[in-house]
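Have a look at the structure below, then the notes.
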There are 2 protein chains.
Amino acid sequence: MAGSEAKKPVAKQSGAKKKEVKKETGLGLTHRKAENFGEWYSEVVVNAEMIEYYDISGCYILRPWSMAIWEILQEFFDPEIKKMKIKNCYFPLFVSPGVLQKEKDHVEGFAPEVAWVTKSGESELEIPIAIRPTSETVMYPYYSKWIRGHRDLPLKLNQWCNVVRWEFSNPTPFIRSREFLWQEGHTAFATKEEADAEVLDILELYRRIYEEYLAVPVIKGKKSEMEKFAGGLYTTSVEAFVPNTGRGIQGATSHCLGQNFAKMFEINYENEKGEKAMVWQNSWAYSTRTIGVMVMVHGDDKGLVLPPKVASVQVIVIPVPYKDADTQGIFDACSATVNTLSEAGIRADSDFRDNYSPGWKYSHWEMKGVPLRIEIGPKDLANKQVRAVRRDNGAKIDIASDDLVVEIKKLLDNIQQNLFDVAKQKRDECIQVVHSWDEFVKALNQRKMILAPWCDEEEVEADVKARTKGEMGAAKTLCSPFDQPELPEGTKCFASGKPATKWTYWGRSY
Amino acid sequence: MAGSEAKKPVAKQSGAKKKEVKKETGLGLTHRKAENFGEWYSEVVVNAEMIEYYDISGCYILRPWSMAIWEILQEFFDPEIKKMKIKNCYFPLFVSPGVLQKEKDHVEGFAPEVAWVTKSGESELEIPIAIRPTSETVMYPYYSKWIRGHRDLPLKLNQWCNVVRWEFSNPTPFIRSREFLWQEGHTAFATKEEADAEVLDILELYRRIYEEYLAVPVIKGKKSEMEKFAGGLYTTSVEAFVPNTGRGIQGATSHCLGQNFAKMFEINYENEKGEKAMVWQNSWAYSTRTIGVMVMVHGDDKGLVLPPKVASVQVIVIPVPYKDADTQGIFDACSATVNTLSEAGIRADSDFRDNYSPGWKYSHWEMKGVPLRIEIGPKDLANKQVRAVRRDNGAKIDIASDDLVVEIKKLLDNIQQNLFDVAKQKRDECIQVVHSWDEFVKALNQRKMILAPWCDEEEVEADVKARTKGEMGAAKTLCSPFDQPELPEGTKCFASGKPATKWTYWGRSY
């Protein structure tokens, strides 16, 4: 039965002695997505029972309703990387300071956020020990040990784990938390070509997570020098966009590390000619942030909206008994419906609680974002049908019981596609092509995702950042899309006026 | 192809310029299980590529070869608990000190081993933050919040995570490490009866992990008051035994916490009569220790021995080409064999490396514990057969290619059963029934697992511990088995001479 961990009002019961009934102040959200996005988001993730705030700032409890999404994404991604002969492993949570500090750019990128263990029980540790913010420095000393000859390559490992980044700015559930869950892949190859190819293969899996599972459109591209992974050669990413805030959000990253870490950690091997050579490395990760992006993109003023492919309950069946109606018949029809759907591989559940009205239940499951609601009342029973109500657009459809499985499957597919299409249309409406600084500033103030010709110089990006620094945060590059529009000769950089070398997305970001 | 992360000698290559070839000192183990068990164990887990020692003491790297076992166990256990309507969640790694210290007995049990984060980046934290040694105190403040009425019960959550216990005594890979992986289930019920029933349902799953998957015989029973979980009501466990060291080892525990934590964390609800009531709680866990127990029980002087059900490679196919033989034909036959087995759902791989002899490969895959080796040479090719060699007993069986799948399946089943039977026979030979102190001491010196009638008094256990304290460690209770032999009236406690109330297993332990 649904809702065992639901936050519920104490039931009123006839025959019980008089008691204080705590009143829930309704089920609705007190904030609107269009008016106060930040508050709306916090309210949705809590009221939909995805997140519980924790007594340590920046840490959050992932409740079953969100954990199930994480598991579904994992069930997709893990077999895909196993097909690529990537193997799972587990490296320690702790890093010794010497190793952590080995790669200079890398440690500069992470040092301010590293949490340090200095005590066990009542004793001070001899040297403080860091908690991994990411595992390059944890793993690569052992890559150096394990890789000796060309036959040891490629070495392709992945781990599912928690990492800690003690950030101070604006913690947000899923999006920016001090501890989060992710997978991190770390691979080493004999050639740059192999590494380059894998970077893109993994990025395609990340695109599929967002577009096929979470129904969130993303743009694949390359990060600027300023925004790339600390210590890496180049970074690719899938970039999502939140129209309500006009902010881009890095969805997941697939880095080519080049030979930089290999140099620092001496990851050498003997090649086929018997010469000493250095490996080419990648690292890549997606995290529980994925879930937050999905909430931000699809949620509405009724609460969460879940794409069917990641919903742990795809269909919720609610009995609608009337006075004098065949209540038992209705309940039986609900159970039969759940059974039929479950046997067909559809994740269905019923809500038979006797202390809530059907109306309350509608709101409850809308808040939790269940893609389809099925209502069964006396009329439906008489007509051998059920009524389905879509979460995404509120459409009501009567379905003959005989066609149940086929029609529900169709509807779920349709909802999945529709969520993506609507999100893509909204995102596309936010994309603004600009050619000049004035156009750029205007578009930024309109919260656009800006596509501009750029000279690709680091100082120019720094300059744009400095010039747009304000209350809402500076603009920066999001990515240079792989899918480049034509760049006519003579096109100038919007910011520097120098010759543009590529189209790049700019905007504020999370 | 196998062995991408294998520790391998650099290949000798004709035509390569002269180079230093690091010599591996053979593949064999330098220690014998019967002679120096501790060294043998460390060598096996490293040489079989399960573990790599890490530069922080007590932390170990789980390499793919062991991680795969952990994943197979998870693939069994996770769906089983989902059938029991237990849902996965994720609570933070960190605990604030106030909450950690709420349950007095509990914190006393764990405080000396708690790791503390006191710094982030260069800043001191305002208050130190603990890393979870287990999550009772992390979770239960929220159980208090979520549980209000009887309809919120049962609340049944589980998480797969890492925990940290900064132990100082004798770290051992898998068996005792400062960080380890586990699942921890935390459930709350309206009645003690429900809690009691779940304790045993979970314990049965733990028995199945050991006996059906790891082929390790265990005894189900109840822990003594002295050995129960700190802060709980009673603890049940599955207890394994390592004949070579004569030590018992707690395999996994399923605790009934009673109402003790509920009292401390105010986990109350309104029952059906409208009265305030307190929940009954359980917690239960198994960890990566399972893998260590398996290694200790089945391993031999050739290395690891894997039960087929947990082996990521169940069958390794090795070509045995001879001079002038049809090498390509042999290689093709090997590939075809792997394909046929894989299509039948058997985890098979081949080892086509050209820089190792067949003999070297035999030793290598024996070290890694692969249950079955298939050799294909010219004679096999001519006779349309393959030769299978069992890892558990070395038996060689010729199998007609036409019968491949059926016969290999039979063999794998047989190996699984045989490993269990042999382990059980060895374990049973170590069980000694005693009635007196003298018999007890004698059996302890013979490294037995001792079954003795006991008065079940805490002081008597303390006394036995004190009297047996010596170089090898004190004896303590392992468990009182649920399967109790008859206890004739008038039977005396072996240690105190008082009337015995139950049979209890005693011994040294890990």
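The table for this structure:
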{"item": "Two-decimal Rg to Rh for region A:153-258 - Kirkwood Rh, Cα set", "result": "0.97"}
{"item": "Candidates per chymotrypsin sites (Phe, Trp or Tyr not before Pro) in region A:418-498, loop by DSSP, up to 12 other Cβ within 10 Å", "result": "A:PHE482"}
{"item": "Magnitude of the charge dipole, region A:390-450, Cβ model with Lys/Arg +1 and Asp/Glu -1, debye to 20", "result": "320 debye"}
{"item": "Residue-level accessible surface for B:THR191, protein heavy atoms, 1.4 Å, Å²", "result": "50 Å²"}
{"item": "Range of Cα positions in region B:125-184 per principal axis (Å), largest first", "result": "47, 32, 15"}
{"item": "Selection from A:PRO97, A:PRO154, A:GLY377 lying farthest towards where the dipole of the protein assembly as shown points positive, charges on Cβ", "result": "A:PRO97"}
{"item": "Cα coordinate range in the protein assembly as shown, projected on the principal axes (Å, largest first)", "result": "92, 91, 63"}
{"item": "Between region A:211-275 and region B:54-80, the Cα center-to-center distance that results, in Å", "result": "27 Å"}
{"item": "Of A:MET264, A:LEU214, B:TRP365, farthest towards positive along the dipole that unit charges on Lys, Arg, Asp, Glu beta carbons give the protein assembly as shown", "result": "A:MET264"}
{"item": "Degrees between helix A:458-468 axis and first principal axis of chain A (Cα, 0 to 90, nearest 10)", "result": "50 degrees"}
{"item": "Residue order for A:HIS150, A:HIS435, B:HIS106 - accessible surface, 1.4 angstrom probe, largest first", "result": "A:HIS435, A:HIS150, B:HIS106"}
{"item": "Part-to-part distance (alpha-carbon centres) for region A:491-510 and region B:312-362, which is given in Å", "result": "56 Å"}
{"item": "√(5λ) per eigenvalue of the Cα gyration tensor, region B:384-430, largest first, Å", "result": "27, 10, 5"}
{"item": "Normalised alpha carbon radius of gyration of chain A [divisor 2.2 N^0.38 Å]", "result": "1.11"}
{"item": "With DNA, RNA and ligands ignored, accessible area of B:ARG208 (1.4 Å probe; Å², nearest 10)", "result": "60 Å²"}
{"item": "Exposure of B:SER177 as accessible area (Å², to 10), given a probe of 1.4 Å and all protein chains", "result": "10 Å²"}
{"item": "Protein accessible surface hidden between B and A, which excludes ligands and nucleic acids, total in Å², probe 1.4 Å", "result": "7000 Å²"}
{"item": "Filtered GluC sites (Glu not before Pro), region A:83-151: DSSP coil and at most 11 other beta carbons within 10 Å", "result": "A:GLU122"}
{"item": "Normalised alpha carbon radius of gyration of region A:37-176 [divisor 2.2 N^0.38 Å]", "result": "1.29"}
{"item": "Label-point separation in nm, B:GLU275 to B:SER169, each point 7 Å along Cα→Cβ", "result": "4.5 nm"}
{"item": "Cα centroid separation, region A:171-208 to region B:375-443 (Å)", "result": "42 Å"}
{"item": "Lysine pair number, Cα distance threshold 29 Å (strictly under), region A:309-422, separation 8 or more or different chains", "result": "29"}
{"item": "Degrees between helix B:404-430 axis and first principal axis of chain B (Cα, 0 to 90, nearest 10)", "result": "50 degrees"}
{"item": "Chain A: angle of helix A:37-47 to the longest principal axis, Cα-based, in degrees nearest 10", "result": "60 degrees"}
{"item": "P(r) weight above 23 Å for region B:213-334, C-alpha pairs, percent", "result": "58 percent"}
{"item": "Dipole axis of chain A (+1 Lys, Arg; -1 Asp, Glu on Cβ), positive-most option in A:MET67, A:PRO128, A:TYR142", "result": "A:MET67"}
{"item": "Stokes-Einstein translational diffusion, region A:297-398 - Kirkwood Rh over all Cα pairs, 0.692 mPa s, 37 °C, in µm²/s", "result": "239 µm²/s"}
{"item": "Candidate residues A:HIS31, B:HIS298: accessible-area rank, largest first, probe 1.4 Å", "result": "A:HIS31, B:HIS298"}
{"item": "Volume per residue that the Cα convex hull of region A:416-471 spans, once the total is divided by residue count, Å³", "result": "112 Å³"}
{"item": "Where GluC sites (Glu not before Pro) fall in DSSP loop in region B:253-331, at most 16 other Cβ within 10 Å", "result": "B:GLU266, B:GLU272, B:GLU275"}
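The values are calculated or read from the model by the stated rules, or taken from the named source; none is laboratory data. Keep in mind that what you see is a predicted model, and the values were worked out from it rather than measured. A quick note on method: Cβ atoms are made from the backbone with ideal geometry, for glycine too, and the neighbour counts reach across all protein chains shown. We work out accessible area using only protein heavy atoms, side chains counted, and drop any ligands, DNA or RNA first. Shrake-Rupley method; radii C 1.70, N 1.55, O 1.52, S 1.80 Å.
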